[in-house]
Amino acid sequence: MDGNDSILLFPDLGASPLPSQEIRVRFVNRCSFPIDVFWLSQKKEPTKYGTLREKQYLDVRTYKNHPWVARRAIDGCKLQMNTMPIYWPEPTAHANLITLIHETSTEIKEQLLNIPRELQDEVNKAIETKKEYYEVVCRFPAVRTAPREEPE
């Protein structure tokens, strides 16, 4: 990524073409607004996998070195997962949680330019004092095992 990535809607990177281990991930929207979930292909093109309403989830099969990003559905505002703008799946035996989703400070500053100047300082102070965050949780879906047959 270069310095211009902060102004682009999607980062200039994509999935690795190298073979990799399959990873199951569950994206759960804990935001109060709908979010779009995108996978970034080898050609560095975003592929939308779904729009998640509040408390809705999406199970996907993906691979290590395959990046994912989230955007607010209504305006495309960039969101962060685990304080990072890009989610990189990692194989693990435990639940893989993406805990923090919020607008980046760049997005908020860009939106502030659309309101009257006399309100901008007031909004900046409110943002600094009020710490809100939204969550998108990524974890492995539960693995179901076949029922055991009892010996007779």
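Pairing residues of segment 37-50 that are farther than 10 Å from residue 68 by Cα with residues that are assigned to a strand (DSSP E or B) and of a type in the set (Lys, Arg), at Cβ distances under 7 Å and at least 6 apart in sequence or on separate chains, gives no pairs at all. Considering (1) closer than 18 Å to residue 34 by Cα; (2) of a type outside the set (S, T, N, Q); (3) at pLDDT 85 or above, the lone condition that residue 136 does not fulfil carries the number (3).
For (1) at pLDDT 85 or above; (2) surrounded by fewer than 14 Cβ atoms within 10 Å (Cβ to Cβ); (3) under 17 Å from residue 25 (Cβ atoms), each residue gets a yes or a no:
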{"residue": "60", "(1), (2), (3)": "yes, no, yes"}
{"residue": "64", "(1), (2), (3)": "yes, no, yes"}
{"residue": "74", "(1), (2), (3)": "yes, yes, no"}
{"residue": "96", "(1), (2), (3)": "no, no, yes"}
{"residue": "99", "(1), (2), (3)": "no, yes, yes"}
{"residue": "110", "(1), (2), (3)": "no, yes, no"}
{"residue": "114", "(1), (2), (3)": "no, yes, no"}
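The values are calculated or read from the model by the stated rules, or taken from the named source; none is laboratory data. This is a predicted model, so every value here is computed, not measured. Neighbour counts are summed over all protein chains in view; Cβ atoms, including those assigned to glycine, are modelled from backbone coordinates with ideal geometry.
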